[in-house]
Each structure stands twice: as structure tokens, then as C-alpha cells.
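The values are calculated or read from the model by the stated rules, or taken from the named source; none is laboratory data. Small disclaimer: the values here were computed from a predicted structure and weren't measured. Note: ideal-geometry Cβ built from the backbone for every residue, glycine included; neighbour counts use all protein chains shown. Accessible surface is based on the protein model in full, side chains and every heavy atom, while ligands, DNA and RNA are left aside. Shrake-Rupley method; radii C 1.70, N 1.55, O 1.52, S 1.80 Å.
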Amino acid sequence: MVRTIDGTEALTADMTAWRRDLHAHPETAFEEERTSDFVAEKLASFGLEVHRGLAKTGVVGLLRNGEGPAVAFRADMDALHIHEQTNLPHASRNPGRMHACGHDGHTAMLLGAARHLSAHPNFQGTIAFVFQPAEENEGGGRVMVEEGLFEKFPVEQVYGMHNWPGLEVGKIALRPGPIMAAYDIFELTLTGKGTHAAMPHLGTDTILAGTQIVNAWQTIASRSVHPVDSAVVSVTQFHAGDTWNVLPATAVLRGTTRTFRKEVQDMVERRMGELAKAIAAGYGIEAELRYERRYPSTVNEAGATELARRAAAGVVGELGLDLDPMPSMGAEDFAFMLQQRPGCYVWVGAGPSDGGRNLHSPHYDFNDAVLPIGLSYWVRLAETVLPRAA
């Protein structure tokens, strides 16, 4: 049974309005100007000390209540380059941009928590409410860290949250250790000798070599990775040729890999290069692999996870907790913050994911029933990780 904090009804109405306003005005990586203004104005109206400029559009609101430890609560603000197809009254007004991952809801819930805790500071210490840009693909969390987030706002722990379609509303999932995978990208360029399609013997076929490499890369997870470890190699682009009757001299393959452990990540990168070069050489083709490590694995610290568990249980009860969720091969740049400070990242159930209600779908819309649950979790977490006010 869900136990939300007192005063939830009024806050939920406001959070719903905020969330839908943000949904109607989505902005993508490092362009969250209106969103940043919206967040900063709200935080200032709640009486928080507002800081802006980290990672260009990032916002940090400080709430101090006497002497004590400091913690950070983080929400992401950015949208995706997706054309919305929900036809809702609050649908995106910015063509080609959409809040298809629920960051509008994340921002609204953390704003709600900031407002409640500023009015009812039942804790001693400092909370840094971190509103981060550019979570999707561009590593805004990394940029905030590199630009001195934890030097300017020295905290002892950091916590994050994501809504999770497919997990029942009223449930919260968390676990110590890896919960989201590392995310890397790659680009393989194959260079051979183009020729007329009717005379393949006069050239070297980059398309044929590329298809063999794609197939061989799929053996990495099944034959090079330990059976109890996880890895995914996905070729998502294959660009070659411009006309019907020419075998192209070049082909470019791009995609992503996902892993949890650095040792596996290192091995996947190495094996991709070895296989590509060996197969390409067999066809008389040169292969050049560019491999870029984007996001590390998101790893929850055991002590912080226990504190998050206690806070979550105070909202959804012990029966509402999933303490052994299957880690996701999706990635999250909150990982960069967890590399610097111990903390925990939780999933808050968002209900069924069928009918296009999944993350990154053009038919997705954040489930507003989650708002009072997420708000209550943040408040309970503040009261759990910080000493109670005297």
C-alpha cells in the first residue's frame, strides 16, 4: 500500500501542471534554456539558493537547514529528437522534439520535493537539488562533474531516479551493484576497391566483408564473454553505395555496445577490432575501427542502496519493493556522478509498457500517477539520509 506524504494532493496538482508544461516545450541536449529558466524560477520562489551555468543549462538549488551532512538529489531535464505522436492536449509544440523518456516527470517530482522540503525542513544539513541537462547521448552528467559539480557543492552522497514502464505503479526497484550498463559507440570504416557490379572479380567487396563482420561480431557475446556476464553488440547503421550497379569502395558500420564490467568492456573493444581487421584482410580490404566509450556502468553503492531501500519502503511498503530487478542494458549518465560519490539509482514503477507506452516511443507520455510517489520518495529519502531536525 502506497503511503504518500501529507499535502500530496495540492502538490500533485501543481506537479502535474508543471510536468505538462515542460512536456509541451521539450528541449534537447544543452539547449534546455526555457526548461532551465522554469526550474530556476521555481526553486527561487521556494526560497532556495539557485546556481546556474554548469554544463551550460544545468541548475542546482541548495536547501540548507543548519549544520549537518550534505547530499545531492538529481533529475534530468532534456528531451529527445523524436516527433511526438500522442495527440494529447499537452503534446510537444516543438516539432521533432519530445519528452519521450519522462524527464519532464523527473523534473516535476524533484521540484515538488524541493518545495515541500523547503516548507517542512524536517532534517539537518544541506540538500543540493541537481537538475542536469543532456542525459540523452551527450553526457551532461559527465560535463557537470568535469566542470566541478562536487567541488562547488561538496556532498557526501548522490541519488537518482527514473520512471520505469513495465513495473507496476506503486513499486520501486533497486539493487546494490550494477543496475544500468555501460554504453559505448563504434564506427567501422571499410576501404576497398570499387567496381562494376557485373565484374566483382575486378574489385574488393566492402559490403560482403561488412556483412561477414556483422555476423562475426555477434559471436563475441556468445563465445568470448563468460556465460554469466553480459554484453550486447548492435550494428545500427550500414552505409555503402549510391547506385544499383556499382560495388562501393567504402562502407561504414556504426552502432553501440553494452556491458557491465570494465574487463568485459575492454575485451569487447579488442575483439571487435581483431575480428574486423582479420575478416577485412581476408577480402583484401582495410578496416579502421573507432571505438568511443560514452557512459560507464551505473553502479549503486551498498550502504546508500540500503538507505534508499528504507526510504522507498516508507512510501510503497516492503511488499512494494523489488530488491532484485534484472539490470538493464540501457545506459544512464548518472553513472558519472556515482563514480565520484556513493549513491543509489532507483526505478519507480510507471505501469504497463504496451501500446507504445515504453521509453523512447513517439506514443509515450509520463504517467502522472507516479508524481506523488516520486515526490514522497524524495522527501522520505531526505529524512532517511540526513539527521532529523532537532
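Number of residues in the range 201-235 that are touching a strand residue (DSSP E or B) at 6+ places or on another chain (Cβ under 6 Å) and open to solvent by 50 Å² or more (accessible area, probe 1.4 Å) equals 3.
Looking only at residues that are within 12 Å of D333 (Cβ to Cβ) and assigned to a loop (DSSP other than H, G, I, E, B) in the range 126-151, which one is most open to solvent (accessible area, probe 1.4 Å)? Taking the candidates together, the pick is E138.
E84 fulfils the conditions (1) surrounded by 24 or more Cβ atoms within 10 Å (Cβ to Cβ); (2) more than 17 Å from the chain's Cα centre (by Cα); (3) in a helix (DSSP H, G or I); (4) not aliphatic (A, V, I, L, M) except for a single criterion, (3). If you go through the range 170-194 and keep only what is among the β-branched types (V, I, T) and open to solvent by 20 Å² or more (accessible area, probe 1.4 Å), you end up with I185, T189, T191. Within the range 312-334, the residues that satisfy the criterion of being farther than 17 Å from W164 by Cβ and either modelled with pLDDT under 95 or hydrophobic (A, V, I, L, M, F, W, C) (or both) are A313, L319. Each residue in the range 87-102 was checked for being closer than 23 Å to L375 by Cα and open to solvent by 50 Å² or more (accessible area, probe 1.4 Å), and 0 pass.
Condition check ((1) over 19 Å from the mean Cα position of the chain (by Cα); (2) of a type outside the set (V, I, T)) across all residues:
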residue: H90; (1), (2): yes, yes
residue: P95; (1), (2): yes, yes
residue: R115; (1), (2): yes, yes
residue: Q124; (1), (2): yes, yes
residue: G140; (1), (2): no, yes
residue: E147; (1), (2): yes, yes
residue: V169; (1), (2): yes, no
residue: G177; (1), (2): no, yes
residue: A181; (1), (2): no, yes
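None of A335, A311, A302 is more than 20 Å from A181 (Cβ to Cβ) and touching a residue at least 60 places away in the same chain (Cβ under 8 Å) except A311. Scanning the range 181-200 for residues that are in contact with a helix residue (DSSP H, G or I) (Cβ under 6 Å, 6 or more places away or on another chain) and among the aliphatic types (A, V, I, L, M) yields A182, L188, L190. Would you check which residues across the range 340-360 are surrounded by fewer than 21 Cβ atoms within 10 Å (Cβ to Cβ) and under 15 Å from the mean Cα position of the chain (by Cα) and list them? Residues satisfying the conditions are N358, L359, H360.
Scanning the range 361-390 for residues that are open to solvent by 20 Å² or more (accessible area, probe 1.4 Å) and in contact with a strand residue (DSSP E or B) (Cβ under 9 Å, 6 or more places away or on another chain), we see that the one that is nearest to V2 (Cα to Cα) is N367.
Here the range 31-81 is the region considered, the condition is being open to solvent by 50 Å² or more (accessible area, probe 1.4 Å) and at positive phi, and the residue that is modelled with the lowest pLDDT is G66. Filtering the range 13-72 to residues that are out of contact with any Phe, Trp or Tyr (no Cβ under 8 Å at 6 or more places or on another chain), among the aliphatic types (A, V, I, L, M) and assigned to a loop (DSSP other than H, G, I, E, B) leaves A29, L54.
Scanning the range 105-123 for residues that are farther than 15 Å from N358 by Cα and either open to solvent by 30 Å² or more (accessible area, probe 1.4 Å) or not hydrophobic (A, V, I, L, M, F, W, C) (or both) turns up H106, T107, G112, R115, H116, S118, A119, H120, P121, N122.
Pairing each residue of the range 277-296 that is surrounded by 14 or more Cβ atoms within 10 Å (Cβ to Cβ) with any residue that is among the polar types (S, T, N, Q) and not in a strand (DSSP E or B), provided the two are 6+ apart or on different chains, yields C-beta distances under 7 Å for I279/Q212; Y283/T204; I285/T204; I285/T206; P296/Q339.
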